[in-house]
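Visitor: Mind looking over this structure? Questions follow.
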Amino acid sequence: MARSTAIDMRTRLQEWIPKIVLAPSVATTLIFVYGFILFTVYLSFTNSKILPTYGWVGWHNYWRLFQLPMWSVALENLAIFASLYIAICIAIGLGLAIFLDQKIRGEGMLRPIFLYPMALSFIVTGTAWKWLLDPGIGIEHTLHLWGWTSFHFTWIKDSNYAIYCVVLAAVWQTSGFVMAMFLAGLRGIDNEILKAAQMDGASNWNLYRRIIIPQLRPAFLSAFVILAHLAIKSYDLVVALTGGGPGWATQLPATFMYSYTFTRNEMGVGASSAVIMLMMIAAIMIPYLYAELKEPK
Amino acid sequence: MRGYLGKTMKAVAVLALTTGVARAEGSVEVLHWWTSGGEAAALNVLKQDLQKEGISWKDMPVAGGGGEQAMTVLRARVTAGDPPTAVQMLGYDILDWAKQGVLANLDAVAKKDNWDAVVPDAIKKFSKYDGHWIAVPVDVHSTNWVWANKHVLDSLGIAQPKTWDDFIAAMQKVKDAGKIALAMGGQPWQEATMFDGVVLSVGGPEFYKKAFIDLDPAALGGPQMVEAFKRMGQLRSFVDPNFSGRDWNLASAMVIKGDAAFQMMGDWAKGEFLRANQKPGVDFECFRTPGTEGDVTFNSDQFVMFKVGKAQQPAQDAMAEAVMSPAFQSSFNVVKGSVPARTDVPDTAFDACGKMAMAQLKAADKNGTLLGSMAHGHANPAAVKNAIYDVVTANFNGQYSAEQAAKELVKAVALAQ
């Protein structure tokens, strides 16, 4: 009798412990993530300037947001940056993964080399590339010293091209990581299928095009989701690399949000831009989560 | 019985209050971003003055030149109901905070030391809110300055330019000689700092006031503004191709080294020259942006006093008094490169450029040509200031033509109000 209640207590405790352990983090997430998301949404409808205030202004902040030329530049830049960044990262990542998968010598050494940039923070990447791309001290200067004086590479100083410098640095940073994801995907493909295809006389090209790459669908999806949200929230790279300049040629929604909320005393407009960014991320994440959660059934 | 108890309670409360005052008298907590060598040294003067009076100084430096990070920290502290005693602040930010009702009242000290008589009206606009003193001005900088390497000018036979056309001709001469005519850093605030002087040179103080302080759309989009943007275009052609993103002190260094001839920058640039052992009048020259002689576009660092409760008030008042004392104003500003915020301080300790600036400040105050700097948040609130920055920098980087920029300026300012 006494023993059975002890077991009873134990099983009950076992049931409860995970919940008790998780409770604090669930509570903090609820308050500090979802609570503040709601707070930000609320602020976006108020006349908050330097500190949060609670005068209701309806959609006025959103109306102003879409009148601002800097916001349209930020959105345009995001479109250029996100599409190029995602496309190039996936292309390079897949290419590297396929090459590494050819059972080459020294793979163990090459893999960390490609993966290493991911270990740096975007601030470091941005600062390093800022120096490399600076015509006065970087690549251009070096090539001039070596005697190739007609060489010109001044994209980072040019309003029309500076955003591509951001793409360049970001691709350098993350393509190794994408490679690792694809490599894991490639290793997961069943060898029997490949052998069967080879016996049927499939060429290497067809093998990849028709059998291997289609099987990497989950890896593509994960890569896309990770890169897309990195692109939308990307802030530190721009700050370190160009500071949003020349002029405001490389502003992104994240830098726009920070400058309006914290340096321009326009918390209302800043909050509304944050809400728009949240909606952009939600537009990508919700279908993904939906697909992910549905699949196992 | 009841009355007796009430009285004792009151007495106890008074006792607790007074002992509280006695205990807490000795400390002020100061939030600022003066962390670089010269600035930190200047602030040390104040620290020592207060220590002599038995007031300890709790330093709260938040690095970051423009004070953005400091303001973020301040927001958190004020929202949490625990503001520092004093915060370094500039221009309209002070009034924005005053509107929140969180600032102290310094009227008693101000009356005792008669601040009203010695501080220029244009500066008082930011030290007082609703008729009450809320802040103490520490220094006055002005933005319509040009700094020149005298050796470069002498070797090319260039005299100090008096008019805008002279200035352009002088820069052309430097450029033809293969040197960089105008050293500058392509950051929005630096471009806006030049724009202060340029607008003043085109339309004089009335136009400047109409455009930047009254925000009159007719002035903002008018032909004079188009001309001002055209002059910015002229300046753009004298800048080296690698200017964008450069810090202002690196641009000063280019002038000091003789790689470049001129820099248009506020008088904090003087500190860079002095630290490089350059002598005013011998190695470098300082003069007002050609065409703006007699006008001064200023910005003034102030210590804004926050409501800190009765216990801390004596220390706060003592600090305000120490900041405004002529001796401190002189010694601080000699080190910092600015000029005193009160006009009755003797100029004996200052160098040639400092003496000139002090005389000009006094004259401009008398003539009503002492104007708040747009670039440094003394002409209009932060939202408008940044909207103007956006247009100025877009024009300077070639996205807007002069006509287009004037048109965009009207739109941007209207939207930011």
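Visitor: I need A:F262, B:F167 ordered by Cβ neighbour count within 10 Å, fewest first.
Guide: On the way: A:F262 17, B:F167 26.
Final ranking by Cβ density, sparse to dense: A:F262, B:F167.
Visitor: Another question about this same structure. Each residue of the range B:207-216 in turn: what ³J(HN,Hα) in whole Hz from Karplus with 6.51, -1.76, 1.60 and θ = phi - 60°, glycine and Pro shown as x?
Guide: Each residue's phi maps through the Karplus curve to give 5, 4, 5, 4, 6, 8, 9, 7, 6, 6 Hz.
Visitor: Along the Cα-to-C-beta direction of A:H60, a point sits 7 Å from the Cα; which residues of the range A:239-272 have their amide N less than 17 Å from that point?
Guide: A:265-272
Visitor: For the range B:132-234, with the dipole built from +1 on Lys and Arg beta-carbon atoms and -1 on Asp and Glu ones, taken about the Cα centre, which of B:V202, B:A218, B:P161 lies farthest toward the positive end?
Guide: Value: B:P161.
Visitor: What does the helix-only formula give at 222 nm for chain A: each DSSP H stretch with n ≥ 4 adding -39500 (n - 2.57), the total divided by the residues, and the result rounded to the nearest 500 deg cm²/dmol?
Guide: Numbers: 13 runs with 194 residues, N = 297.
My calculation for chain A gives -21500 deg cm²/dmol from helical runs alone.
Visitor: Let's test the formula: R0 of 41 Å, r as the Cβ-Cβ distance of A:Q67 and B:E293. What FRET efficiency results, to the nearest 0.05? Kindly include the intermediate steps, with their values, before the conclusion.
Guide: Values: r = 40 Å, r/R0 = 0.97.
Computed FRET efficiency for A:Q67 and B:E293 comes out at 0.55.
Visitor: I've got another one for you. Using a/c under 1.5 as the rounded threshold, could you call the range A:96-221 rounded, prolate or oblate? The axes a ≥ b ≥ c are square roots of the C-alpha gyration tensor eigenvalues, and prolate needs a/b larger than b/c, oblate otherwise. Please report the intermediate quantities before stating the final value.
Guide: On the way: a/c = 2.66, a/b = 2.43, b/c = 1.10.
Verdict is prolate for the range A:96-221.
Visitor: Still on this structure, please answer the following. So, by mean Cβ neighbours within 10 angstrom, what's the order for A:13-25, B:353-365, B:140-152 with the highest one leading? It would help to have the intermediate numbers written out before the result.
Guide: On the way: A:13-25: 9.5, B:353-365: 18.9, B:140-152: 24.2.
In decreasing order of mean packing, A:13-25, B:353-365, B:140-152 become B:140-152, B:353-365, A:13-25.
Visitor: Just how large is the dipole of the range A:1-131 about the Cα centre, in debye to the nearest 20, putting +1 at every Lys and Arg Cβ and -1 at every Asp and Glu Cβ? Could the numbers behind the result be given before it?
Guide: Values: 10 positive and 5 negative charges, 58 e Å.
For this selection, approximately 280 debye.
Visitor: Counting only other chains, what is the mean number of Cβ atoms within 10 angstrom of the Cβ of each residue in peptide B:404-412?
Guide: Values: counts 0, 0, 0, 0, 1, 0, 0, 3, 4.
The shielding value for this peptide is 1.
Visitor: Then there's this: Sorted by packing (mean other beta-carbon atoms within 10 Å per residue), highest first, where do B:372-383, A:184-195, B:257-268 land? Present the calculation step by step, with values, prior to reporting the outcome.
Guide: Working: B:372-383: 24.4, A:184-195: 12.4, B:257-268: 22.2.
Result, highest mean Cβ count within 10 Å first: B:372-383, B:257-268, A:184-195.
Visitor: Next up: Rounded to the nearest 5, what % of the DSSP beta bridges within the protein assembly as shown are antiparallel ones? Numbers along the way, then the final one.
Guide: Numbers: 23 of 39 bridges.
Here the antiparallel bridges make up roughly 60 percent for the protein assembly as shown.
Visitor: At 0.36 nm per residue, minus the direct Cα-Cα distance, what do A:D200 and A:I284 gain on full extension? Give it in nm, one decimal, please.
Guide: On the way: separation 84, 0.36 × 84 = 30.24 nm, distance 3.96 nm.
In short, 26.3 nm is gained.
Visitor: Per-residue Cβ counts within 10 Å, from other chains only, averaged over A:243-254: what number is that?
Guide: 5
Visitor: To continue, here is another question. For the range B:238-319, state which GluC sites (Glu not before Pro) are in a DSSP loop and have at most 14 other beta carbons lying within 10 Å of their beta carbon. Can you show the working numbers first?
Guide: Details: sites: B:E272, B:E285, B:E293; in loops: B:E293.
Here the GluC sites (Glu not before Pro) that fit, given the DSSP loop and packing criteria, are B:E293.
Visitor: Rounded to the nearest Å, what's the spacing between the alpha carbon centres of the range B:276-319 and the range A:224-297? Just the number, please.
Guide: Here the two parts' Cα centres lie 39 Å apart.
Visitor: Return a single number: how many Lys pairs in the range A:69-294, at a sequence separation of 8 or more or on separate chains, have alpha-carbon atoms below 29 angstrom apart.
Guide: On the way: A:K103/A:K195; A:K130/A:K157; A:K130/A:K233; A:K157/A:K233; A:K233/A:K294.
Pairs that pass both the separation and distance tests number 5.
Visitor: Name the residues whose placed amide hydrogens come within less than 5 Å of the amide hydrogen of A:T46, ignoring near sequence neighbours (fewer than 5 apart) on the same chain.
Guide: When sequence neighbours closer than 5 places are left aside, the close amide H contacts are A:V57.
Visitor: Straight-line reach only, C-alpha to C-alpha below 30 angstrom: list the lysines that B:K58 could link to, leaving out same-chain residues fewer than 8 apart.
Guide: The reachable lysines, counting only those whose Cα sits under 30 Å from B:K58, are A:K49, B:K47, B:K99, B:K111, B:K112, B:K124, B:K125, B:K128, B:K270, B:K307, B:K310, B:K336.
Visitor: Students often forget the sequence filter, so: which lysines lie under 17 Å Cα-Cα from B:K179 once same-chain residues fewer than 8 apart are removed?
Guide: B:K150, B:K257
Visitor: Based solely on its DSSP helices, what 222 nm [θ] is calculated for chain B when runs of n ≥ 4 H residues each add -39,500 (n - 2.57) and the sum is averaged over all residues, nearest 500 deg cm²/dmol?
Guide: Working: 19 runs with 221 residues, N = 417.
Calculated at 222 nm, the ellipticity per residue is -16500 deg cm²/dmol.
Visitor: Which whole number gives the average count of other chain Cβ atoms within 10 Å of the Cβ atoms across peptide B:379-387?
Guide: Values: counts 0, 0, 5, 6, 7, 1, 3, 7, 4.
Mean shielding by partner chains, rounded to a whole number: 4.
Visitor: Magnitude of the Cβ-charge dipole of the protein assembly as shown, K/R +1 and D/E -1, about the Cα centre, nearest 20 debye? Show your work: numbers first, answer last.
Guide: Numbers: 61 positive and 60 negative charges, 392 e Å.
Dipole about the Cα centre, nearest 20: 1880 debye.
All of the numbers you see were taken from the coordinates with simple rules; none came from a lab. All values reported here derive from a predicted model rather than from experimental measurement. Here Cβ is always computed from backbone atoms with ideal geometry, including for glycine, and neighbour counts include all displayed protein chains.
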